[in-house]
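Below is one structure; the comments refer to it alone.
The values are calculated or read from the model by the stated rules, or taken from the named source; none is laboratory data. Everything quoted here is computed from the prediction, not taken from an experiment. With ideal geometry, Cβ positions are generated from the backbone for all residues, glycine too; neighbour counts draw on all protein chains shown. The area values use the complete protein model at the heavy-atom level, side chains included, leaving out ligands, DNA and RNA. Shrake-Rupley method; radii C 1.70, N 1.55, O 1.52, S 1.80 Å.
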Amino acid sequence: MKVMIHIGLDVHNDSIAISLAPSDSTEVRRYGIIGGTHEHVQKFLKQVQAAHPEVTLRFCYEAGPRGFPLARFLRGLGHECLVVCPSRVPRAPGDRVKTDRRDADQLARLLRAGELTGIHVPEPEDEAVRDFLRSREQVRSAQHRARQQLKMFLLRHNMRYAGKSSWTPAHLRYLARIKMPFAAQQFALQELLHTIRELGARLERFETQLEREVAGWRWEPVVRALMSLRGVALLNAATLIAELGDLNRSTRPQELMSYLGLCPSEHTSGTDRQQGGITKMGNGHARRALVEAAHHYRAPARLTPHLQKRQEGLPKAVTDAAWEAQRRLHHRYKQLSGPGRKKAPVVITALARELSGFVWAIARRMKPHPKKG
């Protein structure tokens, strides 16, 4: 059998700890710590390949701030490289010593034993869209936080808005009429208002650019197909595909539900079986998009003009699946909700879990555009 060297990398900003686990022995050898650039990794590769010209190299490292460029670099050189989720790396409960070298040892040992499962490494184009959507979410969160700060500022001074809805034109006119008793307080109020207006303008620019980004994306056909679902407009559809990638990687919808962390946790021992809240082990951005979309299925099934426009030109199998999702999920909502039944958050989460199955089915029916180049 051909010898393979399993290499664990503990990657940091300026350094990489390396350990080697040959397949023909049980030992784990520590190579040492090198610099954190690709040039340092290339130098290490030349040294290992010169000492072991006939072996196959297999790498792994934990996902972190360094992202995927190192994995793409190693794969571009013809080597296999896994990027593993840190929370899925087995660790002994009594292990109280953590160092870079020990972490690299553990990764190399587990990689040789086949105990590690790599996460999906997106294509650079797909990662660019995902970065765009996550930046947009950061702006939205900052806007929400700034609005809450303004409301708390006014509440401390017993200023209450008598209208029904906040951040409407009437509410903004009310805020413009406020005059604080001291100049320092007025300055603070104006700065909060300026921050909210600036974040609102940034969010509008993101919304305008989103349509352009999706129009030139290779996953556009899949995004348009997901928009046939109620509650899944352009933003949620693009978020799901950017975060999940090719859903053909999941052979069953249950795999996607588990990846999204929408399945209930469980502790079973003997005849005692206990289920708790959802695991939340998967992609939080995609899970949030599904939960937001699930709220729309509280209403009876209906093909609105706006939804009908989104479904124009799509295959009949896709539109039929979208209609079945409306019918089934609303029926499920009526079954679970009501006096003496499940609480509203539990019901919406259950709908989001079933909605992910329809997302899986529709996405697998559509093919992306061919890769450029």
Legend entry - Qualifying residue in the range 73-96 (condition: acidic (Asp, Glu) and either in contact with a His (Cβ under 9 Å, 6 or more places away or on another chain) or exposed (fewer than 14 other Cβ atoms within 10 Å of the Cβ) (or both)): yes
Inset, instruction - Pick out the one residue from ARG287, ARG310, ARG298 that is within 23 Å of PRO345 (Cα to Cα) and either open to solvent by 40 Å² or more (accessible area, probe 1.4 Å) or of a type in the set (Ser, Thr, Tyr) (or both). - result: ARG298
Inset, instruction - All but one of (1) open to solvent by 70 Å² or more (accessible area, probe 1.4 Å); (2) among the polar types (S, T, N, Q); (3) under 18 Å from ARG224 (Cβ atoms) hold for GLN274, so report the exception by its number. - result: (3)
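One line per residue, one yes/no per condition, for (1) at pLDDT below 95; (2) under 30 Å from ASP10 (Cα atoms); (3) under 25 Å from the mean Cα position of the chain (by Cα):
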{"residue": "GLU80", "(1), (2), (3)": "no, yes, yes"}
{"residue": "SER87", "(1), (2), (3)": "yes, yes, yes"}
{"residue": "ARG91", "(1), (2), (3)": "yes, yes, yes"}
{"residue": "THR117", "(1), (2), (3)": "yes, yes, yes"}
{"residue": "ASP126", "(1), (2), (3)": "no, yes, yes"}
{"residue": "ARG130", "(1), (2), (3)": "no, yes, yes"}
{"residue": "ARG136", "(1), (2), (3)": "no, no, yes"}
{"residue": "ALA146", "(1), (2), (3)": "no, no, yes"}
{"residue": "MET152", "(1), (2), (3)": "no, no, no"}
Legend entry - Within the range 16-50, considering residues that are open to solvent by 70 Å² or more (accessible area, probe 1.4 Å) and of a type in the set (A, V, I, L, M, F, W, C), the one nearest to ALA71 (Cα to Cα): ILE33
Inset, instruction - Give the residue, chosen from ALA188, ALA162, that is among the small types (Gly, Ala, Ser), at pLDDT below 95, out of contact with any Gly (no Cβ under 9 Å at 6 or more places or on another chain) and over 30 Å from LEU234 (Cβ atoms). - result: ALA162
Inset, instruction - Go through (1) more than 14 Å from LEU107 (Cα to Cα); (2) open to solvent by 30 Å² or more (accessible area, probe 1.4 Å); (3) modelled with pLDDT of 95 or more and name the single condition ARG58 misses. - result: (1)
Inset, instruction - Scan the range 112-167 for residues that are touching a helix residue (DSSP H, G or I) at 6+ places or on another chain (Cβ under 8 Å), open to solvent by 40 Å² or more (accessible area, probe 1.4 Å) and of a type in the set (D, E, K, R) and jot them down. - result: ARG134, ARG140, ARG147, ARG160
Legend entry - In the range 197-225, residue least open to solvent (accessible area, probe 1.4 Å) [restricted to those that are closer than 18 Å to GLN138 by Cβ and either among the small types (Gly, Ala, Ser) or not in a helix (DSSP H, G or I) (or both)]: GLY200
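Every residue, every condition in (1) more than 20 Å from GLY78 (Cβ to Cβ); (2) of a type outside the set (A, V, I, L, M); (3) not in a helix (DSSP H, G or I), yes or no:
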{"position": "ASP10", "(1), (2), (3)": "yes, yes, yes"}
{"position": "SER19", "(1), (2), (3)": "yes, yes, yes"}
{"position": "GLY32", "(1), (2), (3)": "yes, yes, yes"}
{"position": "HIS40", "(1), (2), (3)": "no, yes, no"}
{"position": "PHE44", "(1), (2), (3)": "no, yes, no"}
{"position": "GLN47", "(1), (2), (3)": "no, yes, no"}
{"position": "ALA50", "(1), (2), (3)": "no, no, no"}
Inset, instruction - Please work out if ALA242 is farther than 25 Å from HIS330 by Cβ, open to solvent by less than 30 Å² (accessible area, probe 1.4 Å) and either over 13 Å from the mean Cα position of the chain (by Cα) or touching a residue at least 40 places away in the same chain (Cβ under 8 Å) (or both). - result: yes
Legend entry - Residue within the range 314-327 that is on the phi > 0 side of the Ramachandran plot and not β-branched (Val, Ile, Thr) present: no
Legend entry - Count of residues meeting criterion [open to solvent by 70 Å² or more (accessible area, probe 1.4 Å) and not in a helix (DSSP H, G or I)] in the range 245-271: 8
Inset, instruction - Scan (1) of a type outside the set (A, V, I, L, M, F, W, C); (2) surrounded by fewer than 18 Cβ atoms within 10 Å (Cβ to Cβ); (3) part of a helix (DSSP H, G or I) for the single condition LYS342 breaks and write down its number. - result: (3)
Legend entry - Test: residue in the range 287-295 that is within 19 Å of LYS343 (Cα to Cα), of a type in the set (Gly, Ala, Ser) and in a helix (DSSP H, G or I): yes
Legend entry - Residue selected from the range 263-303 under the condition of a type in the set (Val, Ile, Thr) and free of Cβ contacts under 8 Å to residues at least 40 places away in the same chain, by the criterion nearest to HIS330 (Cα to Cα): THR279
Inset, instruction - Keeping to the range 226-239, report how many residues are among the polar types (S, T, N, Q) and open to solvent by less than 10 Å² (accessible area, probe 1.4 Å). - result: 1
